[in-house]
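**Student:** Structure in structure tokens, see below.
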Amino acid sequence: MTGSLQQTLLTSLLINPGQPLAAKQLYCELWGENPPLTVENSLQAHVYRLRRTLQKLAGPTRTAPELLTRSSGYALDLRADEIDTEIFRDLASRARQHMRREPERAYRMFGEALSLWRGEPLQGVAQGPMCQSTALALAEEHLAVVEDTLWLGMQFADLGHTISELKRMSAIHPWRERLTEMLMLALYRAGRQAEAVEAYNNARLRLVNELGLEPSVKLRRLLQSILNQDPALDVGGLVSGAIS
């Protein structure tokens, strides 16, 4: 239990590098609605242990990041560019700036951002309200980058591999219409028009049967374009479609 609380304390501080977190906020993250009777002393003890752990991990030749005590709480003395999540966000943001004019560069940067990931965000950390909301936000940001990478992958990567990955992601996230849109388009560009129509019909069936909804106007228009073999669906229209 102590190790789990140490992980939660460290994670809470890493989410807000350099910014002090109020003791009451840390109480909530570590113990939720059931703090110990001596909660203030317990937090101080965990802070002390975490300082020792950080120094031990740094070793004798490196300086551990300082866990600072402030009047408003505690802060971990780190810059944002020393945290993987912030590096990921910076890479994703810069990649999107290059999607229109330098799509190959954007594709490489998205790949670099995704290479930072190791499993689910904040895996194994107790889910206090701040950690939980951060984990959900990171999962959404990760999925958006995966979608952008697959979109560009239809132009710069092996189309067969991209189609396989789109099928896998569509099965995991059946309500993401953008994944369905990309799968339909990739299948069409691979000369598999019937499968592209089937992908639409399967998505529509799920929406109607499980949510009582019809596909979006955008998805229905894509279906008509596929049926009409619209030349605008060729690779030349890829990047502008990714931005819209």
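The values are calculated or read from the model by the stated rules, or taken from the named source; none is laboratory data. From a predicted model like this one, the values you see are computed outputs, not experimental measurements. Positions of Cβ are backbone-derived with ideal geometry, glycine not excepted, and every protein chain shown enters the neighbour counts. Side chains included, ligands, DNA and RNA excluded: accessible areas come from the protein's heavy atoms. Shrake-Rupley method; radii C 1.70, N 1.55, O 1.52, S 1.80 Å.
**Student:** Limited to region 90-117, what total is found for residues that are open to solvent by 80 Å² or more (accessible area, probe 1.4 Å) and outside any loop (DSSP other than H, G, I, E, B)?
**Tutor:** Final tally of qualifying residues: 7.
**Student:** Follow-up question, since we're still on this one. Is it true that S42 is small (G, A, S), within 26 Å of S133 (Cα to Cα) and open to solvent by 60 Å² or more (accessible area, probe 1.4 Å)?
**Tutor:** On the way: small (G, A, S): yes; within 26 Å of S133 (Cα to Cα): yes; open to solvent by 60 Å² or more (accessible area, probe 1.4 Å): no.
When the stated conditions are applied, S42 does not pass them.
**Student:** Give all pairs with beta carbons closer than 7 Å in which a residue from region 3-26 that is more than 13 Å from S72 (Cβ to Cβ) meets a residue that is among the hydroxyl-bearing types (S, T, Y) and part of a helix (DSSP H, G or I); count only pairs at least 6 apart in sequence or on separate chains.
**Tutor:** Q6/T53; I15/T134
**Student:** What pairs come up if the first residue lies in region 149-166 and is touching a residue at least 24 places away in the same chain (Cβ under 8 Å) and of a type outside the set (G, A, S), the second is open to solvent by 70 Å² or more (accessible area, probe 1.4 Å) and part of a helix (DSSP H, G or I), and their beta carbons are under 7 Å apart, counting only those six or more places apart or on different chains?
**Tutor:** These pairs meet every condition: F156/E104.
**Student:** Kindly indicate which of R220, R178, R204 is touching a residue at least 24 places away in the same chain (Cβ under 8 Å) and either aliphatic (A, V, I, L, M) or touching a helix residue (DSSP H, G or I) at 6+ places or on another chain (Cβ under 9 Å) (or both).
**Tutor:** Details: R220 fails: touching a residue at least 24 places away in the same chain (Cβ under 8 Å); R204 fails: touching a residue at least 24 places away in the same chain (Cβ under 8 Å).
None of the other options fit; the residue is R178.
**Student:** Does region 122-144 contain at least one residue that is open to solvent by less than 70 Å² (accessible area, probe 1.4 Å), without any contact (Cβ under 8 Å) to a residue 60 or more places away in the chain and among the acidic types (D, E)? Spell out the reasoning first.
**Tutor:** So the first thing to find is which residues in region 122-144 are open to solvent by less than 70 Å² (accessible area, probe 1.4 Å), and the list is 122, 124-126, 128, 130-131, 133-135, 137-139, 141-144.
Then keep just the ones that are without any contact (Cβ under 8 Å) to a residue 60 or more places away in the chain; that gives 133, 135, 137-139, 141-144.
Cutting the leftovers down to among the acidic types (D, E) gives us 141.
Within region 122-144 (the criterion being open to solvent by less than 70 Å² (accessible area, probe 1.4 Å), without any contact (Cβ under 8 Å) to a residue 60 or more places away in the chain and among the acidic types (D, E)), the answer is yes, since at least one residue qualifies.
**Student:** How many residues does region 64-86 contain that are open to solvent by 40 Å² or more (accessible area, probe 1.4 Å) and of a type outside the set (V, I, T)? It would help to see each step written out before you state the result.
**Tutor:** Going residue by residue through region 64-86, those that are open to solvent by 40 Å² or more (accessible area, probe 1.4 Å) are 65-66, 69-72, 77, 79-82, 84-86.
Checking the rest, the ones that are also of a type outside the set (V, I, T) come to 65-66, 70-72, 77, 79-82, 84, 86.
The qualifying residues number 12.
**Student:** Considering each residue of region 163-179, count those that are within 19 Å of the chain's Cα centre (by Cα) and of a type in the set (V, I, T), and give that number.
**Tutor:** The qualifying residues number 1.
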